[in-house]
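This report refers to the structure that appears directly beneath it.
Every number here is computed from the coordinates shown, using simple stated rules; none is lab data. Remember, predicted model here, so these are calculated numbers, not experimental data. So basically every Cβ, Gly included, is an ideal-geometry build from the backbone, and we count neighbours across all protein chains shown.
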Amino acid sequence: MKHVIHHLGGRGGERTLVVHGGAGDVAPERRPLHAAGCLRAAREGARVLAEGGSALDAVERAVRVLEDDPLFNAGTGACLNEEGRVELDASIMEGRGLRAGAVCALAGFAAPIAIARAALEDGRHVLYAAHGAARFAREKGFSPVDEAALVTEAARAALAAAQQGQPATSWAGGTVGAVARDASGLTAAATSTGGMVNKRVGRVGDSPIVGAGTYADDEAGAVSTTGHGEGMIRLAVARSAVERMRAGSGAAEAARAIIAHLSERLGMTGGVIAIDREGRFGLSRSTATMSWAAAGDWGEESGV
Ligand code: ASP
């Protein structure tokens, strides 16, 4: 075992939503802010569920709140690539019809998760890239934004630090995701990110890849991942964790086992949130931190 794996779970209920705000190493003084941001998003998502909305609507809503929060590496506040540009990745999936939608390397839009949702609803293709994703977004009525509006001082500082010698593989640790189960038993997952700080132009991570960053199947559960995207893709982490739940593992054990596997097999770190088909949730990380929050008809919790 190369990394220490932290995990928890076992709680939840019929209507439950869990979010993460990225695996990484958030400075101690900033941890309460990240937990509070996650809790705000989880509450918004849980409100959708309480009002009778679907798990799919709930995960989209929760991720949208986190995309709009400049604290997190998604939408506004996303990290910058090697040219100082924003290229966004996002995906969303529901576990009944196994419908999914995703966008990657998308520039100039503030809410990629909503565009991924539009792809899911449109149904013709699952994943749209770069200028094709932007064209799809415009066709579906989304308005482009000035890229400068998405760029924060913190994102500029992180790029400058990376370009002054921090390892080029360091990832941002502020990707966002959500998983949920609604009263009808529908499960859903969504993930959104700016990817890695100082990534090459055109680099696409795990977050928009169904099976790597996001997966949902009502027969087993739903998962969203964060961390070293190249490893998440190579181990198909989200789908693998869902398969562990299908085979009988609880959400917490499935989350722990897949993060242990990522560490043992590839020596890489990350985190996952998972929910099983009954609405019990679990989470795991091998990084120093992963902000998270959960809310539902049973109560709420958050942590880092
Ligand atoms: N998984 C994301 C990526 O590699 C980064 C992260 O979760 O922080 O694009």
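So for segment 28-160: antiparallel DSSP bridges make up what percent, rounded to the nearest 5?
Working: 5 of 8 bridges.
About 60 percent, rounded to the nearest 5.
Here the alpha carbons of the chain define both size measures, Rg and Dmax, at 16.9, 51 Å. The HN-Hα couplings worked out from phi for segment 238-251 by the Karplus form 6.51 cos²θ - 1.76 cosθ + 1.60 (θ = phi - 60°) are 5, 5, 4, 5, 4, 5, 5, 5, 4, 7, x, 5, x, 4 Hz, whole numbers, x standing for Gly and Pro. Amide hydrogen proximity for SER291: with H placed 1.01 Å from N in the peptide plane, the residues at 5 or more positions away or on another chain lying under 5 Å are GLY21, GLY22. Simple point charges give the picture: +1 on the Cβ of Lys and Arg, -1 on the Cβ of Asp and Glu, and for the chain a dipole about the Cα centre of about 460 debye.
Straightening the chain between GLU14 and LEU33 buys 4.0 nm, computed as 0.36 nm per residue apart minus the Cα-Cα spacing. Going by neighbour counts of Cβ atoms within 10 Å, the residues GLU278, GLU29, GLU230 line up, fewest first, as GLU29, GLU278, GLU230.
Shown in residue order for segment 204-220 are the 3J(HN,Hα) couplings computed by the Karplus curve 6.51 cos²θ - 1.76 cosθ + 1.60 at θ = phi - 60°: 10, x, 7, 4, x, 9, 5, x, 9, x, 8, 7, 8, 8, 4, 6, 9 Hz (x for Gly and Pro).
Suppose R0 equals 35 Å; then what is the FRET efficiency for ALA149 and HIS261 from their Cβ-Cβ distance, rounded to the nearest 0.05?
Working: r = 39 Å, r/R0 = 1.13.
Efficiency at R0 = 35 Å is approximately 0.35.
Rounded to the nearest 5, what % of DSSP beta bridges with both residues in the chain are antiparallel?
95 percent
Based only on other Cβ atoms within 10 Å, what is the fewest-to-most ordering of PHE72, PHE142? All intermediate terms of the calculation are to be shown ahead of the outcome.
On the way: PHE72 31, PHE142 18.
Taking fewest neighbouring Cβ atoms as first place, the list is PHE142, PHE72.
If a/c stays under 1.5 just call it rounded; otherwise compare a/b with b/c (prolate if a/b is bigger, oblate if not). Do that for segment 111-262, with a ≥ b ≥ c from the square roots of the Cα gyration tensor eigenvalues. Taking the square roots of the gyration eigenvalues as a ≥ b ≥ c, segment 111-262 is oblate.
Over the chain, what is the mean sequence separation of C-alpha contacts under 8 Å (at least six apart), divided by residue count, expressed as relative contact order in percent? Please report the intermediate quantities before stating the final value.
Working: 940 pairs, mean separation 88.3, N = 304.
Relative CO of the chain lands at 29 percent.
Couplings 3J(HN,Hα) for segment 144-158, derived from phi with the Karplus relation 6.51 cos²θ - 1.76 cosθ + 1.60 (θ = phi - 60°), are x, 10, 5, 4, 4, 5, 8, 8, 9, 4, 4, 5, 5, 5, 5 Hz, where x marks Gly and Pro.
So what is the calculated 222 nm ellipticity per residue for the chain, using -39500 (n - 2.57) for each DSSP H run with n of 4 or more, over all residues, to the nearest 500 deg cm²/dmol? Please list the in-between numbers first.
Values: 8 runs with 98 residues, N = 304.
Computed ellipticity for the chain at 222 nm equals -10000 deg cm²/dmol.
Looking at segment 166-286 alone, DSSP beta bridges between its own residues are antiparallel in about 95 percent of cases. Database remark: amide H of GLU87 closer than 5 angstrom to the amide H of ASN81 (H placed geometrically; neighbours at sequence offset of 5 or more, or on other chains; Pro and chain starts carry no H).
Rank by packing, highest mean first: peptides 116-127, 143-154, 49-60, with packing defined as the count of other Cβ atoms within 10 Å averaged across residues.
Numbers: 116-127: 18.0, 143-154: 13.5, 49-60: 22.7.
Result, highest mean Cβ count within 10 Å first: 49-60, 116-127, 143-154.
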